[in-house]
1. Which one, (1) 62, 47, 33; (2) 51, 43, 27; (3) 76, 49, 30, gives Cα extents along the principal axes in Å as derived from the coordinates shown?
2. Kindly report the accessible area of the chain per residue (heavy atoms of protein chains, probe 1.4 Å, no ligands, DNA or RNA), in Å².
3. Compare THR40, THR188, THR144 in a GNM of the chain, Cα atoms joined below 10 Å, and give the one with the largest fluctuation.
4. Sequence gap at least 6, Cα distance under 8 Å: using those rules, report the relative contact order of the chain to the nearest whole percent.
5. Keeping the other protein chains in place, figure out the carbon and sulfur percent of the accessible area of region 140-217, with a 1.4 Å probe.
6. Would you work out if region 59-162 is rounded, prolate or oblate? Take a ≥ b ≥ c from the square roots of the eigenvalues of the alpha-carbon gyration tensor; rounded if a/c is under 1.5, else prolate when a/b is larger than b/c, oblate otherwise.
7. Based on the Cβ-Cβ distance of SER10 and THR157, what FRET efficiency does E = 1/(1 + (r/R0)^6) give at R0 = 30 Å, to the nearest 0.05?
8. What's the long-distance tail for region 1-120, i.e. % of Cα pairs beyond 26 Å?
Amino acid sequence: MSELSMSSFSFEDLTNDEVEAAEALYGGLADDVRRLLDLTIRTGVDAEQVARARALLQQAADVLAADAPDGPAGIHYNAHGRSWNWGNTVVGLRNAFAPPVRLEWRDDGTVRSAVELGAAYEGPPGSVHGGVSALLLDHLMGETASAAHTRVTVTGTLTLRYVQPLPLGAVRMEAAVTDESDRKITVTATIREDRDDATPAVEAHGLFIIPRWAQQPETPTGIGSLD
C-alpha cells in the first residue's frame, strides 16, 4: 500500500476488556523476548549452552508460528474509542525491540516519557544510537501533535541537533506544541539522561501534518500519531 487512508486501519469487534486481556497475554510474551534480546547481546556462555538455548528457541518459534499471519501488524480500533498498534517499533506492546515507551500527558500540554535503554539500543560505546534517539523523538512528537489522540498526524519534517552523547540507561523525553496553523503543527522536543541536573543530549524540531483524508467524519477517534 503506497498511501495511507481510512482503509489502512482495521476494525475489530472486541470490547475494551478483551483488548486489555490480549495486551496482558502477548505483552508478557514480548517482555520475555525483550529480556532474551538483551541477554543474547551480553551472554558469555559456552558453545554447548548456546546450542541448548537455540534448540529451545526453535521449539518456541515453532509453537508461535502455528498462528502467525504474514504482513504488518497494523493499527486496529474498536467501537468503544480504543485503538492499538502493538507492532509499533517505539510503543508496541508486542514488539520486543520497542523499549516500550509509555507516554505521560501533562495538564500543561507537554508530553513526557521516561524509559530504560539497554544494550539493544547502543551506538557509540556506552551511548544510545543517534538513530534510536531520532526514532523515539519522532514518535513522541507525533503523539504530541495528535493532541491526546484527538487527531491523526504524520511527520512532515524533522530536524535534530545532537548536543552530546546520550548514555545508555534511564532517559527521559519531553515535547510540546509550539505553533499551529490549519493542518500544520510545530513541535519541539528533547531527550536527556533521567536525572534532575541533566542537559539535553538531542534537541528536535518538527513539522507535523494532519492528512486531508483524516479530517473526514468517518475517521475513528483515538488513533493519533502514525509515526
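1. (1)
2. About 57 Å² of surface per residue is accessible.
3. THR40
4. For the chain, the relative contact order is 19 percent.
5. Of all accessible area on region 140-217, carbon and sulfur atoms account for 48 percent.
6. Judged from the Cα gyration tensor, region 59-162 comes out oblate (a/c at least 1.5, b/c at or above a/b).
7. 0.55
8. Taking all Cα-Cα pairs of region 1-120, the fraction more than 26 Å apart is 36 percent.
The values are calculated or read from the model by the stated rules, or taken from the named source; none is laboratory data. Not measured: the values here are computed from a predicted model. Reconstructed Cβ throughout: ideal geometry from the backbone, glycine too, with neighbour counts over all protein chains shown. Note: accessible area is taken over every heavy atom of the protein model, side chains too, but ligands, DNA and RNA are not part of it. Shrake-Rupley method; radii C 1.70, N 1.55, O 1.52, S 1.80 Å.
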